[in-house]
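Please read the structure below before turning to the comments.
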Amino acid sequence: MSLWCTKIYSACRIFCSACRKFCKHCRFSRIARTYSPTHCRSPFLLVCTTLITFAKVCHRTLILIPMKIRILFTLLLLCLSLWSYPERLTAQDDYLLEWAEEFNQDGAPDSSSWTYEEGFVRNREVQWYQPQNATCRDGVLVITARSETRPNPTYRPDARHWGRQRRDITLTSACVTTKGLRSFHYGRLEIRARIPASQGAWPAIWMLGTGNPWPECGEVDIMEFYPSGGVRSILANACWGGSTRGRSAWDSGVVPYTHFTSKDSLWATKFHVWRADWDANFIRLYLDDELLNEIDLSRTFNGSQPEGANPLRQPMYLLLNLAMGSSGGRIDAETLPVRFEVDYVRYYRKKK
């Protein structure tokens with residue numbers, strides 16, 4: 001009997017070792033430090049937990065507990081796990097999963113859903129965007145900002161655009177986007193990510209509309225992290241066209257970073273879930289189920305356009321980026337390279 005139990009234990013260890021390679025949600029994986037049972041919906045979690053427990057029971061109590069009791073105990077554990085198992089990936093409350101990006105394939109993000117911004121793009125930020133700074137590894141999209149010096153290929157001494165006036169590139173990062181490939185219109189968008197909290201970093205999860213220049217195209221910032229009024233903050237915003245063309249109107253939710261770190265000193269080391277619940281009346285933005293902002297879409301009409309132009313009631317595409325400098329503030333070079341990690345992006349449609 002002792003030999004048989006040892007074999008079961010070894011088989012369970014082999015299974016869980018294989019699971020570590022394929023299941024990014026497994027509590028025994030390399031992401032174990034950030035595991036959260038509230039947000040994990042992988043079926044491998046239940047299997048691994050049960051088998052590991054069974055293995056330990058078999059291995060540590062070979063003589064003290066009869067095998068029949070050990071098996072009954074494991075079955076009871078399995079039933080309790082099923083009873084308390086989190087909601088399925090495919091359905092949440094009144095929502096059904098329509099599309100999910102789990103970043104499970106190592107290498108570049110899936111080109112059928114993701115493309116890139118390139119160069120010096122906006123806000124006089126320091127970074128040069130390039131595709132090679134975004135890669136999928138171990139089931140996570142990793143966007144890295146790093147020091148990198150080379151001549152600016154778009155440099156023109158007489159250029160008007162600020163980006164072309166820069167002689168050199170000194171720092172690179174990435175912005176991945178679904179523009180032209182995948183758009184979203186109402187429903188629930190959920191992103192699990194770990195953001196960098198270093199000085200000068202400006203990570204963002206946001207959406208833009210099409211068909212008009214900014215701000216008339218509309219903007220929804222599901223997550224931004226940067227100093228607001230000198231205080232490092234998590235922001236949840238929406239923007240649309242103001243009273244005159246080119247002027248923006250904002251609805252901003254600003255929460256001091258200390259609101260989260262005072263509850264958990266290790267907050268910055270963990271993955272968190274940002275969510276946008278969007279219908280024809282409101283956009284509600286959440287962080288780990290805490291409401292950060294509620295945007296009333298009856299007020300988001302472009303002021304400079306004919307009545308009826310409401311960009312936040314139109315389809316939008318998603319952007320995931322790590323900017324450096326500008327509103328992120330002075331960059332602390334000692335912290336480079338900086339990483340912004342995205343575990344998944346999931347889009348749900350409301351049930352009819």
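The values are calculated or read from the model by the stated rules, or taken from the named source; none is laboratory data. None of the values given here were measured: they were computed from a predicted structure. Every residue, glycine among them, receives a Cβ derived from its backbone with ideal geometry; neighbour counts consider all protein chains shown.
Tell me yes or no: at least one residue of segment 146-155 is buried (at least 17 other Cβ atoms within 10 Å of the Cβ), in contact (Cβ under 8 Å) with a residue 40 or more places away in the chain and at negative phi. For segment 146-155, residues buried (at least 17 other Cβ atoms within 10 Å of the Cβ), in contact (Cβ under 8 Å) with a residue 40 or more places away in the chain and at negative phi: absent. Which of the residues that make up segment 255-288 are among the hydroxyl-bearing types (Ser, Thr, Tyr) and at pLDDT 95 or above? Those that are among the hydroxyl-bearing types (Ser, Thr, Tyr) and at pLDDT 95 or above: 257, 258, 261, 262, 269, 286. Which of the following residues is closer than 21 Å to residue 121 by Cα, modelled with pLDDT of 95 or more and surrounded by fewer than 22 Cβ atoms within 10 Å (Cβ to Cβ): 297, 291, 319? None of the others qualify; the one that does is 319.
Can you find even one residue in segment 159-176 that is of a type in the set (Gly, Ala, Ser) and part of a strand (DSSP E or B)? Yes, segment 159-176 has at least one match.
Cβ separations smaller than 6 Å between residues 6+ apart or across chains give the following pairs from segment 104-122 residues that are more than 30 Å from residue 165 (Cα to Cα) to residues that are exposed (fewer than 15 other Cβ atoms within 10 Å of the Cβ) and among the charged types (D, E, K, R): 106/137. Filter segment 177-190 for residues that are part of a strand (DSSP E or B) and touching an Asp or Glu at 6+ places or on another chain (Cβ under 8 Å); which is surrounded by the most Cβ atoms within 10 Å (Cβ to Cβ)? Only one residue fits best here, namely 188.
Residues checked against (1) of a type in the set (D, E, K, R); (2) within 19 Å of residue 117 (Cβ to Cβ):
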{"residue": "197", "(1), (2)": "no, no"}
{"residue": "207", "(1), (2)": "no, yes"}
{"residue": "210", "(1), (2)": "no, yes"}
{"residue": "214", "(1), (2)": "no, yes"}
{"residue": "218", "(1), (2)": "no, yes"}
{"residue": "233", "(1), (2)": "no, no"}
{"residue": "236", "(1), (2)": "no, no"}
{"residue": "242", "(1), (2)": "no, no"}
{"residue": "245", "(1), (2)": "yes, no"}
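The requirement of being in the same structural domain as residue 99 (by TED's automatic domain parsing), surrounded by 13 or more Cβ atoms within 10 Å (Cβ to Cβ), farther than 30 Å from residue 169 by Cβ and polar (S, T, N, Q) is fulfilled nowhere in segment 263-280; no residue meets it. Note on segment 218-250: among residues that are aliphatic (A, V, I, L, M) and in contact with an Asp or Glu (Cβ under 6 Å, 6 or more places away or on another chain), the one that is surrounded by the fewest Cβ atoms within 10 Å (Cβ to Cβ) is 235. Within the span defined as segment 120-134, one or more residues are touching a Gly at 6+ places or on another chain (Cβ under 8 Å), at pLDDT 95 or above and acidic (Asp, Glu). Taking the criterion of being hydroxyl-bearing (Ser, Thr, Tyr) and surrounded by 13 or more Cβ atoms within 10 Å (Cβ to Cβ), the residues of segment 91-120 that qualify are 95, 113, 115, 116.
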